[in-house]
1. In a GNM of the chain with a 10 Å cut-off on Cα contacts, which of Arg24, Arg174, Arg59 has the highest mean-square fluctuation?
2. So, how do all the Cα-to-Cα distances of region 185-227 break down into 10 Å bins, in percent, from 0 on up?
3. Expressed in whole Å with the largest first, what are the equivalent ellipsoid semi-axes of the chain derived from the C-alpha gyration tensor as the square root of 5 times each eigenvalue?
4. Once you wrap a convex hull around the alpha carbon atoms of region 1-81, what is its projected area averaged over all directions, in nm²?
5. Rounded to the nearest 0.05, what FRET efficiency is calculated for Ser156 and Tyr256 with R0 set to 51 Å and r the Cβ-Cβ distance?
6. Where the eigenvalues come from the Cα gyration tensor of region 227-312, what are the semi-axes √(5λ) of the equivalent ellipsoid, largest first, in whole Å?
7. If N is the number of residues in region 99-250, what value comes out of its Cα radius of gyration divided by 2.2 N^0.38 Å?
8. Calculate the tail of P(r) for region 58-136: the fraction of all Cα-Cα distances greater than 22 Å, expressed in %.
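Since every read-out is calculated from the coordinates, none of them should be taken as a lab result. Note that the structure is predicted; figures quoted are calculated from it, not measured. No Cβ is skipped: glycine too gets one built from the backbone with ideal geometry, and neighbour counts run over all protein chains shown.
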Amino acid sequence: MKRILITGGAGYIGTTLIPMLLERDCEITVLDNLMFDNGDKLLPFIVKENFTFIKGDIRDANLLEEVTKDKDIIIHLAAYVGFPLCRLKGEKESHDVNTKATQGLVDCLSDEQYLLFGSTGSNYGEVVGLCTEETPLNPLSIYGRTKTEAERAVMSRVNSTAFRFATAFGSSPRMRLDLLVNDLTHKAMTEGYAVIYESHFLRTFIHVRDIARSFIFAIDNQEKMASNVYNVGSNTMNYTKKRVCEIIKEKVSDAYFHYADIKEDVDKRNYQVCYKKINSLGYEVTNTLEEGVEELKLSIPLIKEATKYGNV
């Protein structure tokens, strides 16, 4: 039985990943400070024999030492995710949580423990052309910079794998409506319209369940994947923001999208991403953007207070 620690496990990705790992008879420990008052999302797992929850902060070095010492695998998701939250928290605190705490986690681990890190495509910054894992990193926001530094700390050890994920979408027990596809679908259904800036910008997307599956794929292929960084997504889901709106409108026919350059993406995400490296090992996504929007159409009517479902 694999003993797995998930930091930030009560979040958008973690609450999707936990049931998948429990089905594989893994022993799961979640460390989370519940900063979004999201502890109720763990209720379905509390009664499971192989599940343990620890409320605590990733910055607590003594706690990290204790919770990691007997684990085979650490899945590191705890972070201030997204440039709006990092901007709100400020440079120092974002650095402490995203970078310094990650270095602290690395320092706790033995060479035998496998570390999987949820990184981000925001590390690339402004890129011209096709983006591969060898593309130089040029992060522009606090979020991008702190996650780039964290990724470097993770990859300073041999037994680590980092995933630079495409932009997530889809329903999760700990829902997020501040992600592009989720946000636009929610606005289309509840307000009937949305204003889109930089509509020509290319973005690449991945369903949250496929993100969760990538961690399981890495666990099953540790010998091949350790010491490597991977872009995780699909070559079939490189879309302009305008095309995303068109897909949503196909599902929510009475929605109206207005294209106007009223602000800009701080991370300058406007590029196609290549996923050949992880695809060559056998990993493929299983959920299309169209399927995700259909799923969101079923989920959104269950949400009463939208402001609770974001990272800011």
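1. Comparing Arg24, Arg174, Arg59 in a Gaussian network model of the chain, the most mobile one is Arg24.
2. Cα pair-distance distribution for region 185-227, in percent: 21, 26, 26, 18, 9.
3. 30, 22, 19
4. Details: hull surface 19.6 nm².
Over every viewing direction, the Cα hull of region 1-81 projects on average to 4.9 nm².
5. Numbers: r = 49 Å, r/R0 = 0.96.
Using R0 = 51 Å, I get an efficiency of 0.55.
6. Values: eigenvalues 145, 67, 49 Å².
After diagonalising the Cα gyration tensor, the semi-axes are 27, 18, 16 Å.
7. Rounded to two decimals, the normalised Rg is 1.14.
8. Roughly 37 percent, once rounded to a whole number.
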